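Structure record follows, encoded as structure tokens.
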Amino acid sequence: MSIKHIGKQTMLFQNPPSVIGSACVVGKKEGEGPLYASFDSINEDSYFGMETWEKAEMAMQKQALSLALNKASLPAGAIQYIFAGDLLNQCIGSSFGMRDSAAPFLGLYGACSTMGESLALASMTIDGGFADVTAAVTSSHFCSAERQFRFPLEYGGQRPPTAQWTVTGAGALILSASGNGPYITHATIGKIVDAGIKDNNNMGAAMAPAAYDTLRTHFDDTGLEPSYYDLILTGDLGSIGHSVVVDFFKDDGIDLSAIYQDCGLMIFSDEQDVHAGASGCGCSAVVLAGYILNGMRAGRWKRVLFAPTGALMSPTSVQQKESILGICHAVAISTEIGA
């Protein structure tokens, strides 16, 4: 019997990997938001010097990884496995972005939960003794996502109040078998949850049941109370999904309001008019790689439960009137081992 698998869906890392480097790259709109000081690079050009928005996403990932390696004081050749993903068809943002890395590559698709998925797998690889250094990378781009999932920007379609704004950004974390933390201590892998919602302009509501299911499972599997964490952070539920999760826990007699936040509500200000909040793989990735990990290193939080959420859909599934499936993966991060 595995001693690293606890409860139904949770992994307890016996040798918790350390985050030895992290970096985030964002676009102009993100740089105008309240978290601007936590970003490593803010680019005024939505093309990031490239010819297309898809190539811009590749450039973002490449830059984020390079900056994270510099912070970790490691050469690119030190990475033994890269776990990366994005929202584009066949994950071309990641595959083309990482093609010059010369590291073994595992492409992932977890929609906007990809940073949680990549962190969990990168941590498993180190804790299992298969590598000493791994990288977790992900990105999204407002313009490329709109072109693929909704309408080209030239169409000028109006967005309903429930819609969210895809973040233009990329985040990269370097994990090591040794280091001074923060450490990845647990990972709870989520199940697919179908809430029956078919409106791709209301993804917060579609993903919220998956977030609740994974968080509830994490607490049940570990025996920990929500108050154990200084911060519980979902990925990109926005205002609608965030309120749904709060209500679900209230029905359980638990008030999360003092410690629960959502990346989709943090990255933009009310004055930026993003309707229900932010979304995209890059949303949780840049908030974690910058604001959260910087805050942990500065002593603001000791224990954070990071739970990015994803809407598992494609243009084809939407056209075929399928519901939007939700997924959420939770990763526990601590500044102390055994704390």
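Quick notes
- Considering residues of region 99-132 that are hydrophobic (A, V, I, L, M, F, W, C) and crowded, with 24+ Cβ neighbours inside 10 Å only, the residue farthest from SER18 (Cα to Cα): ALA111
- Criterion (assigned to a loop (DSSP other than H, G, I, E, B) and under 19 Å from the mean Cα position of the chain (by Cα)) met by exactly one of LEU87, LEU65: LEU87
- Reported count of residues in region 190-204, each being farther than 16 Å from GLU322 by Cβ and crowded, with 16+ Cβ neighbours inside 10 Å, is 2.
- Selected residue (criterion: nearest to PHE96 (Cα to Cα)) from residues of region 107-122 that are in a loop (DSSP other than H, G, I, E, B) and among the small types (Gly, Ala, Ser): ALA111
- Residue match in region 143-162 (condition: at pLDDT 95 or above, outside any loop (DSSP other than H, G, I, E, B) and out of contact with any Lys or Arg (no Cβ under 8 Å at 6 or more places or on another chain)): no
- One residue from VAL19, VAL25 being in contact with a Leu (Cβ under 9 Å, 6 or more places away or on another chain), under 21 Å from VAL274 (Cα atoms), buried (at least 16 other Cβ atoms within 10 Å of the Cβ) and not acidic (Asp, Glu): VAL25
- Where SER38 falls short, out of the listed (1) at pLDDT 90 or above; (2) farther than 22 Å from ASP132 by Cβ; (3) in contact with a Lys or Arg (Cβ under 7 Å, 6 or more places away or on another chain): (3)
- Restricting attention to region 259-273, the residues being at pLDDT below 95 and out of contact with any Gly (no Cβ under 9 Å at 6 or more places or on another chain) number 3.
- Scanning region 39-87 for residues that are hydroxyl-bearing (Ser, Thr, Tyr) and surrounded by fewer than 19 Cβ atoms within 10 Å (Cβ to Cβ) turns up SER41, SER46, TYR47, THR52, SER66, SER73.
- Only residues that are polar (S, T, N, Q), in contact with a Ser or Thr (Cβ under 6 Å, 6 or more places away or on another chain) and not in a strand (DSSP E or B) were counted in region 123-135, giving 1.
- Filter result (under 27 Å from SER314 (Cβ atoms), among the aliphatic types (A, V, I, L, M) and without any contact (Cβ under 8 Å) to a residue 60 or more places away in the chain) within region 201-251: ALA205, VAL244, VAL245
- Strands (runs of 3 or more DSSP E) contained entirely in region 222-331, each with at least 2 residues that are more than 28 Å from LYS4 (Cβ to Cβ) and either among the hydroxyl-bearing types (Ser, Thr, Tyr) or in the same structural domain as LYS29 (by TED's automatic domain parsing) (or both): none
- Residue that is surrounded by the most Cβ atoms within 10 Å (Cβ to Cβ) [pool: residues in region 291-332 that are among the β-branched types (Val, Ile, Thr) and under 20 Å from GLU225 (Cα atoms)]: VAL331
- Residue among MET60, MET1 that is assigned to a helix (DSSP H, G or I) and at pLDDT below 95: MET60
The values are calculated or read from the model by the stated rules, or taken from the named source; none is laboratory data. All of these numbers come straight from a predicted model, not from anything done at the bench. All Cβ positions, even for glycine, are placed from backbone atoms using ideal geometry, and neighbour counts span all protein chains on display.
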